Amino acid sequence: MFITLEGPEGSGKTSHLDRLAEAIHQAGYEVIVTREPGGTRIGNEIRNTLLSLKNTEMHPATEILLFQASRAQHVHELILPALAEGKVVLCDRFADSTIAYQGYGHQTDLEELTRIIRFATGGLDPDLTLLLDVDIETGLARRSSDKGSWNRLDAKEIAFHKRVRQGYLKMVAAQPARWEVVDASRSLEEVQQALQRVVLARLAQKSR
Ligand code: TYD
């Protein structure tokens with residue numbers, strides 16, 4: 001089962017992943033945790049290029065294609081083989097991030113973007129996508145108090161981040177069966193419990 005985590009800046013996704021994976025493991029499933037951009041050696045090299053603060057001249061088309069290059073490597077080298085072995089793959093961001101950030105955020109044509117994504121993923125879609133939803137002001141305030149992880153994309157204006165969040169909510173409305181929205185303004189503990197409930201219920205349902 002392929003599970004992805006999505007959310008705007010400061011939604012706390014990354015801090016939940018390892019505990020969520022541990023709960024899945026405890027429930028008797030083999031699970032691997034990965035992330036985008038990155039997840040493979042080549043993907044991590046692309047990630048450094050994408051997030052480097054010095055790459056201010058990067059054209060939006062270059063950015064879009066580098067995210068897909070990282071994704072293509074990730075899908076073919078890591079995700080598909082793991083799924084074929086029956087593992088649960090838990091991934092921090094996937095194609096929905098491209099629709100949210102490059103599509104709604106940078107206002108790139110969604111149909112064209114969908115075609116480029118499909119070329120990279122070979123049509124692989126998550127079975128379940130968890131949206132850690134938080135309003136922009138709360139998210140950015142959390143993010144800026146955590147200076148170590150500040151990156152080039154975080155420096156974009158508030159309006160950009162608002163479009164990103166609205167983009168996610170539109171994707172949820174369009175495909176409600178694939179998405180679960182978790183209110184991430186609550187405490188870490190409450191959010192973690194909610195994530196575990198949702199994921200373990202889906203896994204149990206799938207293996208019945
Ligand atoms: P990261 O430091 O992993 O941030 P986060 O903790 O928010 O996931 O940086 C990833 C950044 O890349 C984040 O700002 C979202 C962005 N991104 C895109 O714009 N498009 C994409 O397709 C992906 C996967 C990520």
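The values are calculated or read from the model by the stated rules, or taken from the named source; none is laboratory data. What you see is a predicted model, and the numbers here were worked out from it, not measured in a lab. No Cβ is skipped: glycine too gets one built from the backbone with ideal geometry, and neighbour counts run over all protein chains shown. Note: accessible area is taken over every heavy atom of the protein model, side chains too, but ligands, DNA and RNA are not part of it. Shrake-Rupley method; radii C 1.70, N 1.55, O 1.52, S 1.80 Å.
Within region 43-63, the set of residues being of a type in the set (K, R) and assigned to a helix (DSSP H, G or I) comprises R47 only. Looking at (1) of a type outside the set (D, E, K, R); (2) surrounded by fewer than 16 Cβ atoms within 10 Å (Cβ to Cβ); (3) part of a helix (DSSP H, G or I), find the lone condition where Q107 falls short. For Q107, the exception is condition (3).
Which of the residues belonging to region 4-15 are out of contact with any Phe, Trp or Tyr (no Cβ under 8 Å at 6 or more places or on another chain), at pLDDT below 95 and open to solvent by less than 60 Å² (accessible area, probe 1.4 Å)?
Of everything in region 4-15, those that are out of contact with any Phe, Trp or Tyr (no Cβ under 8 Å at 6 or more places or on another chain), at pLDDT below 95 and open to solvent by less than 60 Å² (accessible area, probe 1.4 Å) turn out to be E9, G10, S11, G12, K13.
Kindly indicate which of L66, L153 is in a helix (DSSP H, G or I) and at pLDDT below 95.
Details: L66 fails: at pLDDT below 95.
Going through L66, L153 in turn, the sole match is L153.
Restricting attention to region 69-104, the residues that are more than 12 Å from the ligand (Cβ to nearest atom) and in a loop (DSSP other than H, G, I, E, B) add up to 3. Among the residues of region 24-42, is there at least one that is in contact (Cβ under 8 Å) with a residue 12 or more places away in the chain, in a helix (DSSP H, G or I), of a type outside the set (V, I, T) and more than 19 Å from V164 (Cβ to Cβ)? No, because not a single residue in region 24-42 is in contact (Cβ under 8 Å) with a residue 12 or more places away in the chain, in a helix (DSSP H, G or I), of a type outside the set (V, I, T) and more than 19 Å from V164 (Cβ to Cβ).
When only residues in region 110-124 that are in contact with a helix residue (DSSP H, G or I) (Cβ under 8 Å, 6 or more places away or on another chain) and assigned to a loop (DSSP other than H, G, I, E, B) count, which is surrounded by the most Cβ atoms within 10 Å (Cβ to Cβ)? Looking at the filtered set, the residue picked out is L124. If you filter region 26-57 down to residues that are exposed (fewer than 14 other Cβ atoms within 10 Å of the Cβ) and not acidic (D, E), you find that the one that is farthest from the ligand (Cβ to nearest atom) is G28.
Within region 180-208, the residues that satisfy the criterion of being in a helix (DSSP H, G or I) and either in contact with a helix residue (DSSP H, G or I) (Cβ under 8 Å, 6 or more places away or on another chain) or among the β-branched types (V, I, T) (or both) are L188, V191, Q192, L195, Q196, V198, V199, L200, L203.
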